[in-house]
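Just so it is clear, none of the values below were taken in a lab; they were calculated from the coordinates. Being a predicted model, the structure only gives us computed values, none of them experimental. All Cβ positions, even for glycine, are placed from backbone atoms using ideal geometry, and neighbour counts span all protein chains on display.
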Amino acid sequence: MLNSNSLRKLDMQDLMVFVAVYEQNSVTGVSETLCISQSTVSYCLKKLRTSFADELFINTRTDGMQPTCKAGTMYPHALKILESINLCHAGPPAFDPGLQPVTFNICAPEYFELLILPRLLKTFDLADLPVMVNVFKFEADIPAEALRDGSLDLVMCFGPNFHRSHVDFTSRTLLKDDLVCVFDKRAALAEPRLSLQTYVERRHVFPTPWTSATNMVDGWLAQQARQRQIIARANSYSAALKLITGTDYALTLPRRIQQLLASTDTFDHCEAPEGLPGFTLDMQWSQGVDQDSANAWLREQVILACAEQETA
């Protein structure tokens, strides 16, 4: 709030005139510097004197416009106001990844590492950017405190609504995907889509996308009052594919991962049972870094890499 209603009548030009007169000691010089008439300079000084209840500048024959004691006290504050306004107009300084090495820390599941991270690194390499990315394994839930304290820049997770939400985080959906059933080619079924009954009768290998007692497939089966037999859990999609090779085991994979890793020479696939829901890959970050130019740049690079994946 302002101490006086008269201060409301001041504008940026008045402050510019004040600073210029203080620095140049000349109404004529200020008029030329600011490209305004001398009468405008005089009018601004009149407003300033009224608002601050002080003469501010005394016109002398030998030394021009000399500041009063109050003007001397006001000058650094007025200068700072103008500097602050310029900063507001310019916004935060843009992040330039080419100026110095930078490291980003991301918590993400294997899905992100296989599909998106290679595209990111290729982009950085082609542009010869000194950017390093550390990826930490996604555990049971969103590492909220690490996002808040800056230990992590971004978190990639599955959605929708697989993890607890936080009001101080921003979330953006990057990709949508669905699930398919993969088999060793010698054990594949002729059906283009598995029935629910056939699905639960097969023995399954389960790749764990994060450390959790529940997952999207078995959660959905429980809603259908069904249960599948999991005979092995793997830490990666590649390991899970190895485990079904030469067997009649079933493996449920994201379609994009199946297209990437499941060679058609060795594996075949069919559609999952009707009703098995798909999922999203989401990006989350703390609202505290919304305006951080480095974090914003990284988010933009991730979004671009995901757009390339969509069109691949």
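For Leu174, nonlocal amide neighbours, meaning residues 5 or more places apart or on other chains whose placed amide H falls under 5 Å from its own, are Leu281, Asp282, Met283. Pairwise Cα distances in the chain exceed 30 Å in 55 percent of cases.
The spacing between the range 1-58 and the range 128-142, judged by their C-alpha centroids, is 54 Å. Ranked for footprinting exposure by Cβ neighbours inside 10 Å, fewest first, Ile230, Ile142 give Ile230, Ile142. With kT/(6 pi eta Rh) evaluated at 4 °C and eta = 1.567 mPa s, and Rh the Kirkwood radius from Cα pairs, the range 5-90 diffuses with a coefficient of 99 µm²/s according to Stokes-Einstein. Summed over qualifying helices (DSSP H, 4 residues or more, each -39500 (n - 2.57)) and divided by its residue number, the chain shows a 222 nm mean residue ellipticity of -12000 deg cm²/dmol.
Placing unit charges on each Cβ (+1 for Lys and Arg, -1 for Asp and Glu) gives the chain a dipole about its Cα centre, and among Pro143, Gln24, Thr311 the Cα reaching farthest toward its positive end belongs to Pro143. Once the gyration tensor of the Cα atoms in the range 35-170 is diagonalised, the equivalent ellipsoid follows with semi-axes of 57, 20, 13 Å, ordered largest first. Taking packing as the residue-averaged number of other Cβ atoms within 10 angstrom, the listed peptides 124-133, 296-305 run from highest to lowest as 296-305, 124-133.
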